Amino acid sequence: GENVEQHPSTLSVQEGDSAVIKCTYSDSASNYFPWYKQELGKRPQLIIDIRSNVGEKKDQRIAVTLNKTAKHFSLHITETQPEDSAVYFCAASIGGSYIPTFGRGTSLIVHP
Amino acid sequence: DSGVTQTPKHLITATGQRVTLRCSPRSGDLSVYWYQQSLDQGLQFLIQYYNGEERAKGNILERFSAQQFPDLHSELNLSSLELGDSALYFCASSRQGRNEKLFFGSGTQLSVL
C-alpha cells in the first residue's frame, strides 16, 4: 500500500462548517508531519506541522492531531470560509529519511 | 513570494527531446528538492540535494538527472522525453534539509507533445 494515505479525496462543505482530513502512514519511525495547502494554479504552502512529541497543535482556525500508536494524523479546519477552498496535502517522513512523502491530496470546496 | 525561483514557467517540447529546468533556492537555504506533480497525482519526490551533494533519491527515472552547483542553484535534466513526462515540476528549498518547512517555487509546467 501507499506510504501515506489520505482521505477523503474530495470534501464539500458549507461556509461555517468544519472540515476534517485524515491521513495514515506506515513507517513507525516517522516523526514529522506537515500539511500543505495548494490553491488552484499556485504553489504548495505549509499551513501547519506537528512533530511526534506533540499530540495536538492549533493555529487559529486550523488544528492538527497526531496518534502515533495508530499511525494517523488529521487536519481540522473550523468555521470554513470560501478562501479555504484548495487542495490540502498531508505528508510524513518515510523510511528513516527526512524527506516528506505526500498523500494524494484532498480537494476542499467551501460553498458560500 | 516564497523566495524560490524556477525557470522557465512553461516549456513545450516534443517526444525524444531533452530539457533543463532551473531552480534558485531561498537565500540561506542549503537543501533543494525536486517534485513532480501530474494530473490527479500528489507530489512525487524525485531527488534532494544538500550543499552540492545528492542526499536522497526518490522515484526518479534513469532518463532524469539533477545537480546542485556551488552557488546552490539546481538543475533538473529530463531526456528522451515521453508523453507521460508532461507534468508540473516543483523545486523546493529548506535550510538544513531535515524535517522542516519546504518553500516551493512556482513550478515549471512541462508539456511533451
### Message
Looking only at strands (runs of 3 or more DSSP E) that lie completely in region B:5-63, which have at least 2 residues being within 15 Å of B:TYR89 (Cβ to Cβ) and at pLDDT below 95?
### Response
B:43-50
#### Entry: Qualifying residue in region A:67-79 (condition: within 14 Å of chain B (Cβ to nearest Cβ), open to solvent by 40 Å² or more (accessible area, probe 1.4 Å) and among the basic types (Lys, Arg))
no
### Message
Condition first: out of contact with any Lys or Arg (no Cβ under 9 Å at 6 or more places or on another chain), within 14 Å of another protein chain (Cβ to nearest Cβ) and within 19 Å of B:GLU54 (Cα to Cα). Now tell me which residues in region B:70-113 satisfy that.
### Response
B:TYR89, B:GLN96, B:ARG98, B:GLU100, B:LEU102
### Task
Determine which member of the set A:ASP17, A:ASP27, A:ASP84 is modelled with pLDDT of 95 or more and buried (at least 16 other Cβ atoms within 10 Å of the Cβ).
A:ASP84
### Message
All but one of (1) more than 14 Å from every other protein chain (Cβ to nearest Cβ); (2) among the β-branched types (Val, Ile, Thr); (3) within 14 Å of B:TYR49 (Cβ to Cβ) hold for B:ILE60; state the number of the condition that does not hold.
### Response
(1)
### Query
Looking at A:GLU83, A:GLU56, A:GLU15, which is the one that is away from chain B (no Cβ under 13 Å), in contact (Cβ under 8 Å) with a residue 60 or more places away in the chain and not hydroxyl-bearing (Ser, Thr, Tyr)?
A:GLU15
### Query
Could you say which residue among A:ILE47, A:ILE77 is farther than 15 Å from A:LEU11 by Cβ and in contact with a strand residue (DSSP E or B) (Cβ under 9 Å, 6 or more places away or on another chain)?
A:ILE47
### B:TYR89 being closer than 20 Å to A:GLU39 by Cα, assigned to a strand (DSSP E or B) and in contact (Cβ under 8 Å) with a residue 24 or more places away in the chain
yes
### Query
Going by the structure shown, is A:SER85 among the small types (Gly, Ala, Ser) and closer than 27 Å to B:ASP1 by Cβ?
yes
### Task
Could you identify the single residue in B:LYS101, B:LYS57 that is more than 27 Å from A:ILE48 (Cβ to Cβ), more than 10 Å from the chain's Cα centre (by Cα) and open to solvent by 70 Å² or more (accessible area, probe 1.4 Å)?
B:LYS57
### Message
Anything in region A:39-51 that is in a loop (DSSP other than H, G, I, E, B), surrounded by 13 or more Cβ atoms within 10 Å (Cβ to Cβ) and more than 10 Å from chain B (Cβ to nearest Cβ)? List them, or say none.
### Response
A:GLU39
### Query
How many residues are loosely packed, with under 13 Cβ neighbours inside 10 Å and more than 11 Å from chain A (Cβ to nearest Cβ) when one looks only at region B:18-53?
5
### Single match in B:SER106, B:SER111, B:SER74, B:SER79 (criterion: modelled with pLDDT of 95 or more and buried (at least 21 other Cβ atoms within 10 Å of the Cβ))
B:SER74
### Task
Just need a number here: residues in region A:87-99 that are open to solvent by 20 Å² or more (accessible area, probe 1.4 Å) and within 23 Å of A:GLU39 (Cα to Cα).
1
### Message
Condition first: surrounded by 16 or more Cβ atoms within 10 Å (Cβ to Cβ) and more than 17 Å from B:LEU113 (Cβ to Cβ). Now tell me which residues in region B:82-98 satisfy that.
### Response
B:PHE90, B:CYS91, B:ALA92, B:SER93, B:SER94, B:GLY97
### Answer residue from region A:18-38, given it is within 10 Å of chain B (Cβ to nearest Cβ) and closer than 15 Å to A:SER85 by Cα and is farthest from the chain's Cα centre (by Cα) among those
A:GLN38
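The values are calculated or read from the model by the stated rules, or taken from the named source; none is laboratory data. On a predicted model such as this, the values are computed, not experimentally measured, just so you know. FYI the Cβ positions are ideal-geometry reconstructions off the backbone, even for glycines, and counts take in every protein chain you see. Heavy atoms of the whole protein, side chains included, go into the accessibility calculation; ligands, DNA and RNA do not. Shrake-Rupley method; radii C 1.70, N 1.55, O 1.52, S 1.80 Å.
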